[in-house]
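Since the structure comes first, as C-alpha cells, the remarks are kept for the end.
What follows is calculated from the coordinates using simple rules that are stated; it is not laboratory data. These numbers come from a predicted model, not from an experiment. Neighbour counts are summed over all protein chains in view; Cβ atoms, including those assigned to glycine, are modelled from backbone coordinates with ideal geometry.
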Amino acid sequence: MNTEQLAARVERLERGMRRLRRLTTVLVVGLVVGLVAWWGKDEIPDVVKARKFEVVNEAGTPVVKVTSDEDGRGFVHVCNKGGDRVVGLGVMHGSGVVVTWNMFNERLWRSY
C-alpha cells in the first residue's frame with residue numbers, strides 16, 4: 001500500500017467519523033428534547049387517589065385534612081392557622097355528620 005492509498009483511506013475514515021459524530025449528536029439532542037417534552041407535560045389526571053390529603057398554609061401547618069379511618073369512612077377537617085380543628089364533616093353511624101369545635105378543642109355542635 002503506497003502513501004497515496006493510505007492517505008485516501010485515512011481521509012475516508014475521518015469523513016465517516018465526522019458523519020457518525022454528527023449523527024450521534026443529532027440523536028442525543030433529539031432524545032433529550034423528547035424526554036424534556038415528555039416529562040414537562042401538564043396533564044391533569046382524571047382521578048387522584050391517596051389515603052390522606054392535606055392543604056398546608058405558608059407555615060406548613062395543615063389547614064384542611066381529607067382522610068379516612070380504619071373502617072373506610074371519609075372525613076374532612078378544616079383547621080385554623082394553628083392547626084386546631086374548627087369544622088369537621090364526615091360519616092358516623094351510617095349517616096353524615098357535621099361537627100364544630102371551639103379554640104379549646106371542645107366540641108360545640110354536632111349534627112347527624
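What is the angle, in °, between the Cα long axis of helix 3-39 and the longest principal axis of the Cα atoms in the chain? Nearest 10 is fine, range 0 to 90.
The angle comes out at about 10 degrees.
Starting from the Cα of S111, move 7 Å in the Cα-to-Cβ direction to define the label point; list residues of the range 65-104 whose amide nitrogen is under 18 Å from there.
So the set is 76-78, 86-102.
On average over all directions, what projected area in square nanometres does the range 59-112 have, based on the convex hull of its Cα atoms?
3.9 nm²
Report the far tail of the P(r) of the range 13-54, meaning the percent of Cα-Cα pairs longer than 13 Å.
71 percent
Please give the length that would be gained between V78 and V66 if that part of the chain were fully extended, namely 0.36 nm times their separation in residues minus their C-alpha to C-alpha distance (nm, one decimal).
Net length gain for the segment: 3.4 nm.
Can you pull out the trypsin sites (Lys or Arg not before Pro) in the range 1-51 that DSSP calls coil and that have at most 11 other Cβ atoms within 10 Å?
Working: sites: R9, R12, R15, R18, R19, R21, R22, K41, K49, R51; in loops: K41, K49, R51.
The qualifying sites are K41, K49, R51.
Of A7, L89, W39, which is farthest towards the positive pole of the chain's charge dipole, taken about the Cα centre with +1 and -1 on the beta-carbons of Lys, Arg and Asp, Glu respectively?
Toward the positive end, the furthest listed residue is A7.
Report the dimensions of the chain along its three principal axes from the alpha-carbon atoms, largest first, rounded to Å.
If we take the Cα atoms of the chain, the spans are 102, 32, 21 Å.
What longest region of the chain stays clear of GluC sites (Glu not before Pro) that DSSP places outside H, G, I, E and B and that have at most 13 other Cβ atoms within 10 Å?
Longest stretch, sites excluded: 1-42.
Arrange the following residues from fewest to most other Cβ atoms within 10 Å of their Cβ: W39, W109, W101.
So the residues, fewest neighbours to most, are W39, W109, W101.
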